[in-house]
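First the structure, in the form of structure tokens, and then the observations on it.
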Amino acid sequence: MSNLPLNVDYNGKVVVVTGAGGVICGAMARAFAHSGAKVAALDLNEEAVKKLADELKAEGYICEGYKANVLDAESLEKVHKAVLGDLGECDVLVNGAGGNNPRATTDNEYQHEAKEGGKSFFDLQADGVDFVFKLNFQGTLLPTQVFAKDMVERKSGCILNISSMNAYTPLTKIPAYSAAKAGISNFTQWLATHFAGTGIRCNAIAPGFLISNQNRALLFNEDGTPTARSAKILNGTPMHRYVDAEELLGATLFLCDEKSASAITGVVLPVDCGFAAYSGV
Ligand code: NAD
């Protein structure tokens, strides 16, 4: 990548990225490959990771795409075996798969504004809430159980989780996703402590507001005009703009680099144009 945000050398390192078929983690997988890493791109969406791997290989980089379900230990064990054979033991694990689900989202910000026929807090479905908690929390725990074993044996390695702005203060309408990401920030500190004596570091980044597949409908009306929520987000962001996925890459490469960030473990780094720092006044 000619415009890599950080000059770090991942040559020879095996970097496993879950959710690499998506916007953010696809960009991360590219950045690691462009920094010399051998990248294992994992996703439920096999087509997306195979395409990513093909593109990177055609550019002369090392990347293999694997279909994997981060909620299925058997699927992860199978992929782990394949990665060991194709690329080697895991040095860096990025737990990127995650997201919200409409079944765990209310239509209104406030109960007193809930409208007849809309989905209020009282209509949230237990299976939707369960889905979101599982995807974000277990979807981080299970891949860590599988891939961090390589690191424990070698007494070195790094785990990067993806938290969110909603982990600091919950965002309206998305109670389960907010609580699940707060769990990820908390779990990041737990893992950092638990693995501290083994040479493994664990950190997280908390991306600010990006425009992505998951939130496009919340930010823009069907005709492309910004929603009221979009205006509120920008008013609550001191830099008054959305974050570009590319802007997460510097923090990602920095935190996972054993030289640059050797004493950094247990942090959640916001990359948010100031959103988490601003009280609104
Ligand atoms: P995305 O939807 O573009 O990518 C998520 C990827 O995860 C998809 O390719 C999907 O196929 C994959 N996935 C879903 N379930 C899976 C499973 N069970 N097993 C394996 N893969 C699975 O989303 P994104 O915006 O790139 O988000 C990436 C991460 O960043 C997520 O953890 C998300 O919660 C977090 N995040 C996103 C934003 C944002 O504004 N987009 C902000 C903060 C945090």
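The values are calculated or read from the model by the stated rules, or taken from the named source; none is laboratory data. A quick note: this is a predicted structure, and the numbers were derived from the prediction, not measured. Using ideal geometry, Cβ is built from the backbone for each residue, glycine included, and neighbour counts are taken over all protein chains shown.
Details
- Exactly one residue among LEU160, LEU142 is closer than 27 Å to VAL83 by Cβ, outside any helix (DSSP H, G or I) and either modelled with pLDDT of 95 or more or of a type in the set (Ser, Thr, Tyr) (or both), and that residue is LEU160.
- Those residues of the stretch 265-279 which are at negative phi and of a type outside the set (Ser, Thr, Tyr), in sequence order: VAL267, VAL268, LEU269, PRO270, VAL271, ASP272, PHE275, ALA276, ALA277
- Hits in the stretch 1-59 (condition: without any contact (Cβ under 8 Å) to a residue 12 or more places away in the chain and hydroxyl-bearing (Ser, Thr, Tyr)): SER2
- Failed condition for VAL243, given (1) away from the ligand (no atom under 13 Å from the Cβ); (2) closer than 26 Å to ALA37 by Cβ; (3) in contact with a Phe, Trp or Tyr (Cβ under 8 Å, 6 or more places away or on another chain); (4) without any contact (Cβ under 8 Å) to a residue 60 or more places away in the chain: (1)
- Among the numbered conditions (1) of a type outside the set (Phe, Trp, Tyr); (2) away from the ligand (no atom under 12 Å from the Cβ); (3) farther than 21 Å from ARG154 by Cβ; (4) surrounded by fewer than 16 Cβ atoms within 10 Å (Cβ to Cβ), the only one that GLN189 does not meet is (4).
- In the stretch 15-33, the residues that are assigned to a strand (DSSP E or B) and either farther than 14 Å from LYS50 by Cα or more than 7 Å from the ligand (Cβ to nearest atom) (or both): VAL15, VAL16, VAL17
- Evaluated against (1) over 22 Å from ALA176 (Cα atoms); (2) of a type in the set (Lys, Arg); (3) under 20 Å from the mean Cα position of the chain (by Cα), LYS57 falls short on exactly one condition, (3).
- In the stretch 195-218, the residues that are closer than 22 Å to ALA261 by Cα and within 6 Å of the ligand (Cβ to nearest atom): PRO207
- Verdict on GLN125 being surrounded by fewer than 21 Cβ atoms within 10 Å (Cβ to Cβ) and more than 22 Å from VAL15 (Cβ to Cβ): yes
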